[in-house]
Amino acid sequence: MIVQDLSESELLARIFPRLNRSPGILLGPGDDAALVAAPDGRTLISIDTQTQDQDFRLQWNNGYRTTGFDVGWKAAAQNLSDINAMGGTATSLVVSLTMPPSTPVEWVESFADGLTAAITALGPIDCSVAGGDLGRGSEIAVTVAVVGSLDGLAPVVRSGAKPGHQLAVAGTLGRAAAGWALLESDVPLGSLAAELRALVDNQCRPLPPLAAGPAAARAGASAMLDISDGLLRDGNRLASASGVILDFDPTALKAYAVPLEPAATLLGADAMSWVLGGGEDHGLLATFPAGIQLPEGFTAIGSVQAVVEPPGSGIRIAGHAADTVGWDHFAD
């Protein structure tokens, strides 16, 4: 059965039972707008889009077929991560799904299951899908808007890093980029060892460390952002917003590259380039005042320095200027 075999109401009737309902959703799917609680009195909000053949392929070169579950999981994960990066906790999502009429109904049901599974597995226990929209188009496109709460905490923004502060990361680096490279390669999916297949999973179903954002805010993080476009590119954004230099420790970064060496050897690639330039792991890059004990889940990877030369890249590795490679939707 495909989507055009059902009316919109019939399709929604297959989706709604697959979505969880949290206490913060006062009025959920079925009306023109949802009604959600805002007990903190402040609301975090973010939005992100995935488009077929831009952000994912239904059929990858190595034989992997992207499921609706994959797209639903990733749509939830990347949006939940944006709230996490502000030190907040997601409370609700609204989802717009555009698709060709030939899309299998099973794919749409799996998409809804992926949304719910990601919310449940990743940890914002009081979050659920509050509503959304279905549309017809020539390709699959998913847009998710997420709302979150700070629970009394101050938001952690990008502009608070100061010289002398510690630089730290939570989550993984380079694994999703390695997974992307494997998906785009001609190495058959079925031939991959378990450790390499896990990298594919990191790309298709990322695992942002959602407990780390609020923990960083409580610990006194001075600046923070989600690493979606690569450590160096996103790091440069934080450095620019704060008017500082971020100096990365190559030894600390090497620890993230070592587990990627088997994939790099297989593909003739450079594991460190994935660590520095690869996005979509959706970890956190944060700065903390000197002397503050890093919260659980964070690893020190460098320090914040004062700007001592004309504006340019705000990134250094062991004191040497580094190109801010990474993902750019319009340049790449």
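Rounded, prolate or oblate: which one fits the chain, using the alpha carbon gyration tensor with axes a ≥ b ≥ c (rounded when a/c is under 1.5, else prolate when a/b beats b/c, else oblate)?
oblate
Considering only GLY72, GLY220, GLY137, the mean-square fluctuation computed in a Gaussian network model of the chain, springs between alpha carbons under 10 angstrom, is largest for GLY137. The gain in end-to-end length when the ALA306 to ALA193 segment is fully stretched comes to 36.2 nm, 0.36 nm per residue minus the alpha carbon separation. Cα centroid separation, segment 62-79 to segment 241-266: 26 Å. Summing +1 for each Lys or Arg and -1 for each Asp or Glu among the other residues whose beta-carbon sits under 13 angstrom from that of ALA198 gives 0.
For the chain, the Cβ-based charge dipole about the Cα centre amounts to some 700 debye (Lys, Arg positive; Asp, Glu negative; other atoms uncharged). The ranking of LEU276, LEU58 from fewest to most other beta carbons within 10 Å of each one's beta carbon is LEU58, LEU276. Would segment 39-82 count as rounded, prolate or oblate if I go by the C-alpha gyration tensor, calling it rounded below 1.5 in a/c and otherwise prolate when a/b exceeds b/c, oblate otherwise? Verdict is prolate for segment 39-82.
So, counting K/R as plus one and D/E as minus one, what does the shell of residues with Cβ under 10 Å around ASP281 add up to?
Details: positive: ARG175; negative: ASP226, GLU280.
Net local charge, ASP281 excluded: -1.
If the segment from ASP201 to ARG65 were pulled out straight at 0.36 nm per residue, it would be longer than the present Cα-Cα gap by 47.8 nm.
Which net charge results when you count Lys and Arg as +1 and Asp and Glu as -1 among the other residues whose beta-carbon is under 11 Å from that of ILE15?
Working: positive: ARG14, ARG18; negative: GLU8, GLU10, GLU109, ASP113.
Computed value for this residue: -2.
Find me the longest stretch of the chain that has none of the exposed GluC sites (Glu not before Pro), where exposed means in a DSSP loop (not H, G, I, E or B) with at most 16 other Cβ atoms within 10 Å. Could the numbers behind the result be given before it?
Numbers: sites that count: GLU139, GLU296.
Here the longest segment lacking exposed loop sites spans 140-295.
Largest GNM mean-square fluctuation across GLY230, GLY297, GLY114, computed for the chain with C-alpha springs under 10 Å, falls on GLY297. Placing unit charges on the Cβ atoms only, positive for Lys and Arg and negative for Asp and Glu, gives segment 166-321 a dipole magnitude near 300 debye about its Cα centre. Comparing ILE83, ALA33, PRO104 along the charge dipole axis of segment 3-149, the residue lying farthest to the positive side is ILE83, per the Cβ-charge model.
The residue list VAL142, ALA221, GLY68 was ranked by how far each Cα lies along the charge dipole of the chain toward its positive end, using unit charges on Cβ atoms, and ALA221 comes out on top. Comparing PRO104, PRO209, PRO289 in a Gaussian network model of the chain, where Cα atoms under 10 Å apart are tied by springs, the biggest mean-square fluctuation is seen for PRO104.
Read-outs throughout are calculated quantities, based only on the coordinates presented, and are distinct from any laboratory measurement. Fair warning: this is a prediction, and the values are worked out from it, not measured in the lab. Neighbour counts run over all protein chains shown; Cβ positions are idealised from the backbone, glycine included.
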